[in-house]
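Participant: The structure that follows is given in the form of structure tokens.
The values are calculated or read from the model by the stated rules, or taken from the named source; none is laboratory data. The shown structure was predicted, so the numbers you read here are calculated from the model rather than taken from an experiment. Please note: Cβ atoms are built from the backbone with ideal geometry, for glycine as well, and neighbour counts cover all protein chains shown.
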Amino acid sequence: MLKQVIPILRIFDIAKAKEFYVDYLGFNIDWEHRFEPELPLYMQLTLGTVTIHLSEHHGDCTPGAAIRIEMSGLHQLHQQLTAKSYRYLRPGIEKTPWELEEMTLTDPFGNRLVFYESSAS
């Protein structure tokens with residue numbers, strides 16, 4: 001029985017990752033792991049029911065991945081993010097021909113997070 005998919009996204013700078021994912025998007029850090037103090041970081045973040053892993057390990061994943069996150073309250077999330085005045089990103093909401101509204105965010109490492117909901121919601 002399948003239960004959950006957890007995407008792994010590549011990062012290169014821990015401070016930038018935390019600024020984007022924790023301070024800007026509002027994810028919580030569940031745990032961080034290193035095999036030794038100077039080795040790459042691997043961590044789990046959650047926001048609501050969404051779980052993602054961030055990794056500095058070169059063999060875990062490739063930069064420039066894209067994930068799609070279905071949600072409700074897209075406009076409220078957009079307002080919250082806009083109010084934070086994050087200096088590197090000013091996302092908008094796009095209405096798609098396939099009847100979704102989408103807000104695409106690109107993290108500091110080239111990974112894309114597409115938050116979306118049905119236009120009929």
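Participant: Restricting attention to strands (runs of 3 or more DSSP E) lying wholly within region 64-121, give those where 1 or more residues are over 16 Å from residue 48 (Cβ atoms) and touching an Asp or Glu at 6+ places or on another chain (Cβ under 7 Å).
Facilitator: Of the strands (runs of 3 or more DSSP E) lying wholly inside region 64-121, those with at least 1 residues that are over 16 Å from residue 48 (Cβ atoms) and touching an Asp or Glu at 6+ places or on another chain (Cβ under 7 Å) span 100-106, 112-118.
Participant: Then there is this: If the requirement is being among the hydroxyl-bearing types (Ser, Thr, Tyr) and within 15 Å of residue 21 (Cα to Cα), which of these qualifies: 62, 106?
Facilitator: Unique residue meeting the criteria: 106.
Participant: Taking the residues in region 40-64 that are modelled with pLDDT of 95 or more and hydrophobic (A, V, I, L, M, F, W, C) as candidates, determine which candidate is nearest to the chain's Cα centre (by Cα).
Facilitator: Result: 52.
Participant: Out of region 38-59, which residues are within 15 Å of residue 5 (Cα to Cα) and surrounded by 15 or more Cβ atoms within 10 Å (Cβ to Cβ)?
Facilitator: Within region 38-59, 44, 45, 47, 50, 51, 52, 53, 54 meet the criteria.
Participant: Follow-up. In region 97-121, what count of residues is obtained for those that are free of Cβ contacts under 8 Å to residues at least 12 places away in the same chain and among the polar types (S, T, N, Q)?
Facilitator: 0
Participant: Pull up region 81-120, narrow it to residues that are β-branched (Val, Ile, Thr) and over 21 Å from residue 8 (Cα atoms), then point me to the one that is surrounded by the most Cβ atoms within 10 Å (Cβ to Cβ).
Facilitator: The qualifying residue surrounded by the most Cβ atoms within 10 Å (Cβ to Cβ) is 93.
Participant: Go through region 3-39 residue by residue and tally those that are assigned to a strand (DSSP E or B) and either under 19 Å from residue 86 (Cβ atoms) or modelled with pLDDT under 95 (or both).
Facilitator: Summing the residues that are assigned to a strand (DSSP E or B) and either under 19 Å from residue 86 (Cβ atoms) or modelled with pLDDT under 95 (or both) in region 3-39 gives 3.
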